[in-house]
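The values are calculated or read from the model by the stated rules, or taken from the named source; none is laboratory data. This one's a predicted model, so the numbers in the text were calculated from it and none came from an experiment. Heads up, the Cβs are rebuilt from the backbone with ideal geometry, glycines too, and the neighbour counts pull from every protein chain shown. Ligands, DNA and RNA are excluded from the accessible area calculation, which covers all protein heavy atoms including side chains. Shrake-Rupley method; radii C 1.70, N 1.55, O 1.52, S 1.80 Å.
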Amino acid sequence: MSKTYDIAGAEIEVVSGEFTENKIKGQKYYHAECKCNNNTILITKNITNTMEYDIVDDVLSNIYDIPQKYLANVLQNESNLVVMIGRHKNEPSFYTIYYGCNEKFDSMFDAYKWAHFHNDYADDTHMYTEVHDGHQTAIKFEFEV
């Protein structure tokens, strides 16, 4: 039975996960493929040690509140998305939402490749971005007062 997570009402189910290592840089990563409302969510975390803890929960719970609610709303109301969520060490999590993906992936790494080839990285200095037709833009959040 796979594990599920709730972020602001969106149920995210882990489909698969694995550890990788970049031996050239000496860095280790955890990658998970998740699903929500027929959308693909790819989670990556740079890990510094092998402590046992819930890495997916760690990444999801370190998205700031308003961006987390925005993401949950998109996941519940849109389809054909690929979402890449990452966290580097102990920094806040960040994400990119890709709209218009009609692909069915054979593996999580096929999904990662698809996302990288469908992003022009025009606005990659922002923590929360979205990609429409291959063009990346920063998400402008409306703050509640």
Here is a list of conditions, (1) open to solvent by 20 Å² or more (accessible area, probe 1.4 Å); (2) within 15 Å of the chain's Cα centre (by Cα); (3) closer than 17 Å to Ala138 by Cα, and Leu71 meets all of them except one; can you say which number that is?
(1)
Could you look through segment 120-133, keep only residues that are of a type outside the set (D, E, K, R) and at pLDDT below 90, and pick out the one that is most open to solvent (accessible area, probe 1.4 Å)?
Thr125
Which of the residues belonging to segment 120-145 are in a loop (DSSP other than H, G, I, E, B) and either of a type in the set (A, V, I, L, M, F, W, C) or within 13 Å of the chain's Cα centre (by Cα) (or both)?
Ala122, Met127, Ile139, Phe141, Phe143, Val145
Selection status of Ser79, of a type outside the set (Phe, Trp, Tyr), open to solvent by 20 Å² or more (accessible area, probe 1.4 Å) and at pLDDT below 95
yes
How do the strands (runs of 3 or more DSSP E) wholly within segment 1-119 filter down when requiring 2 or more residues that are touching a strand residue (DSSP E or B) at 6+ places or on another chain (Cβ under 7 Å) and in contact (Cβ under 8 Å) with a residue 24 or more places away in the chain: which remain?
10-22, 27-36, 39-47, 82-88, 94-98
Looking only at segment 1-46, filter to residues that are aliphatic (A, V, I, L, M) and open to solvent by 20 Å² or more (accessible area, probe 1.4 Å); which one of those is nearest to the chain's Cα centre (by Cα)?
Val14
